[in-house]
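Below is one structure; the comments refer to it alone.
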């Protein structure tokens with residue numbers, strides 16, 4: 001018998017490494033015993049009870065579907081999952097290369113069931129985690145969750161993207177994770193007592209939930225199916241459900257008897273050509289920007305994203321438009337492109353905190369694909385509509401150097417005749433007399449194939465190196 005340790009038990013990468021060695025050695029599934037946390041220290045050993053089989057052929061290629069399946073199934077708590085995965089892998093390596101496509105096969109069917117259970121558990125975690133503020137630390141949030149499977153490592157990146165601007169932690173009985181300084185940090189498990197039981201915002205949330213609750217659509221059976229009662233203890237609004245269900249009948253009758261009301265817009269629309277005095281400060285401009293209705297992008301977006309940095313910055317970086325993370329946090333360049341920009345500037349000895357960073361278009365333009373919001377390039381009309389905001393930022397900050405990051409920013413600063421591919425990295429003179437140049441947007445680097453990404457990053461760094469001779473103020477004067 002061959003003993004193969006997998007620790008941590010949910011790590012599909014460790015299982016793959018062990019399975020690869022077992023295949024090369026020709027160990028059939030019935031001769032392998034997969035060990036988890038209880039015997040993680042056991043090394044490879046053989047008792048000779050089962051004869052070894054043929055080794056896997058060199059250069060064995062495994063379908064991507066199986067790799068994705070293994071990553072999910074490894075998170076399940078079924079103690080036989082590793083053995084089941086190896087049995088399917090062994091069969092694919094020894095005469096059944098398309099086995100994973102056979103939905104009626106008993107082993108494949110079981111793998112799909114395990115994967116579905118893990119996927120369902122991930123969905124429940126995304127839906128039912130509730131962050132609560134730590135007492136005395138209003139900018140730190142903690143949530144407690146009890147997953148049915150080992151899914152924390154799998155779901156944590158979702159919360160990192162969704163709540164990129166927060167400092168948070170999620171505690172579970174077997175493992176914990178916290179998001180701080182743009183990094184995920186994993187640690188030991190905890191207890192429910194370590195997470196706050198309530199915070200000052202929940203009474204407001206319960207009031208809001210009670211007012212949006214629609215008694216005409218009440219279906220307790222479906223509610224319990226989609227929101228099992230074991231999660232109710234985590235949800236502040238669940239405390240209201242018995243009362244709301246009890247009063248559903250009278251509320252429905254009240255709705256039926258109510259006189260019809262004319263439809264109202266969610267927000268009052270401001271005439272687009274209304275003349276308004278120019279804001280005197282960046283903070284005043286931010287208040288006006290929040291009510292901007294100059295183009296239709298404001299309606300689906302979460303919020304307008306203002307510029308950020310010292311009000312006396314010598315250098316202004318102008319991006320194209322906010323992305324998903326920026327739209328959710330209200331801050332520019334906090335997503336993957338912003339992290340790449342920070343790395344490149346840091347490598348050049350430049351501190352982004354001493355620069356004023358903004359975008360040519362202030363609202364996120366996207367296309368909804370299921371639960372994902374995919375970036376769409378803004379149109380010239382959007383750039384034109386946001387032009388007064390960018391010009392006002394230039395007038396208030398009065399930078400000595402302006403950098404256009406990407407084609408949309410170059411259009412806003414230099415006009416439609418500017419050609420980024422031919423003129424990037426070349427000093428220009430804006431109408432105001434301010435020196436400026438354009439380069440690629442960091443997101444353009446991230447979109448390149450892996451083999452070309454380093455070359456594009458080097459081109460971006462070479463252009464931004466033009467800033468190395470510019471004096472920078474202390475970052476402590478940054479506008480929050």
- Mind counting the residues in the range 195-207 that are in a helix (DSSP H, G or I) and either at pLDDT 80 or above or touching a strand residue (DSSP E or B) at 6+ places or on another chain (Cβ under 7 Å) (or both)? 1
- Query: Could you list, in sequence order, the residues of the range 143-163 that are surrounded by 20 or more Cβ atoms within 10 Å (Cβ to Cβ) and either under 14 Å from residue 132 (Cβ atoms) or in contact (Cβ under 8 Å) with a residue 60 or more places away in the chain (or both)?
  - Reply: 144, 145, 149, 150, 151, 154
- Message: Testing residue 61 on (1) in contact with a helix residue (DSSP H, G or I) (Cβ under 7 Å, 6 or more places away or on another chain); (2) over 16 Å from residue 14 (Cα atoms); (3) part of a loop (DSSP other than H, G, I, E, B), one condition comes back false. Which one is that?
- Response: (1)
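Are any residues in the range 443-459 within 25 Å of the chain's Cα centre (by Cα) and surrounded by fewer than 17 Cβ atoms within 10 Å (Cβ to Cβ), and if so, which ones?
Result: 446, 447, 448, 449, 450, 451, 452, 453, 454.
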- Message: For the range 389-416, give me each residue that is surrounded by fewer than 22 Cβ atoms within 10 Å (Cβ to Cβ) and on the phi > 0 side of the Ramachandran plot.
- Response: 398, 415
- Any idea how many residues of the range 251-293 are at pLDDT 85 or above and either in a loop (DSSP other than H, G, I, E, B) or out of contact with any strand residue (DSSP E or B) (no Cβ under 8 Å at 6 or more places or on another chain) (or both)? 11
- Task: Please tell me if residue 9 is modelled with pLDDT under 60, surrounded by 11 or more Cβ atoms within 10 Å (Cβ to Cβ) and closer than 30 Å to residue 154 by Cβ.
- Result: no
- Message: If I go through the range 131-153 residue by residue, how many of them are within 14 Å of residue 178 (Cα to Cα) and under 19 Å from the mean Cα position of the chain (by Cα)?
- Response: 7
- Qualifying strands (runs of 3 or more DSSP E) (wholly inside the range 82-194; at least 1 residues being within 26 Å of residue 33 (Cα to Cα)): 175-180
- Message: Out of everything in the range 460-475 that is touching a helix residue (DSSP H, G or I) at 6+ places or on another chain (Cβ under 9 Å) and either modelled with pLDDT under 95 or part of a strand (DSSP E or B) (or both), what residue ends up being surrounded by the most Cβ atoms within 10 Å (Cβ to Cβ)?
- Response: 467
- Task: Tell me, yes or no, whether the range 384-398 has at least one residue that is under 24 Å from residue 181 (Cβ atoms) and in contact with a strand residue (DSSP E or B) (Cβ under 6 Å, 6 or more places away or on another chain).
- Result: no
- Quick one: which of 284, 354 is closer than 24 Å to residue 434 by Cβ and surrounded by fewer than 16 Cβ atoms within 10 Å (Cβ to Cβ)? 284
- Task: For the range 42-83, name all the residues that are modelled with pLDDT of 60 or more and on the phi > 0 side of the Ramachandran plot.
- Result: 59
- residue 401 over 20 Å from residue 326 (Cβ atoms), assigned by TED's automatic domain parsing to the domain that holds residue 300 and at pLDDT 95 or above: yes
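Across the range 164-191, which residue is surrounded by the fewest Cβ atoms within 10 Å (Cβ to Cβ) among those that are more than 24 Å from residue 340 (Cα to Cα) and touching a helix residue (DSSP H, G or I) at 6+ places or on another chain (Cβ under 9 Å)?
Residue satisfying both the conditions and the ranking: 173.
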- Mind checking which residues of the range 405-445 are touching a residue at least 40 places away in the same chain (Cβ under 8 Å) and assigned to a loop (DSSP other than H, G, I, E, B)? 406, 425, 434, 441
- Item | Residue check for residue 375: out of contact with any strand residue (DSSP E or B) (no Cβ under 9 Å at 6 or more places or on another chain) and more than 19 Å from residue 314 (Cβ to Cβ) | no
- Note on the structure: By residue number, the members of the range 334-380 that are under 20 Å from residue 410 (Cα atoms), touching a residue at least 60 places away in the same chain (Cβ under 8 Å) and in a loop (DSSP other than H, G, I, E, B) are 355, 361, 362, 363, 364, 365, 378
- How many residues, within the range 1-20, are part of a loop (DSSP other than H, G, I, E, B) and over 14 Å from residue 35 (Cβ atoms)? 1
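The values are calculated or read from the model by the stated rules, or taken from the named source; none is laboratory data. Computed from a predicted model, the values in this text were never measured in an experiment. In this analysis, Cβ positions are derived from the backbone assuming ideal geometry, glycine residues included, and neighbour counts consider all displayed protein chains.
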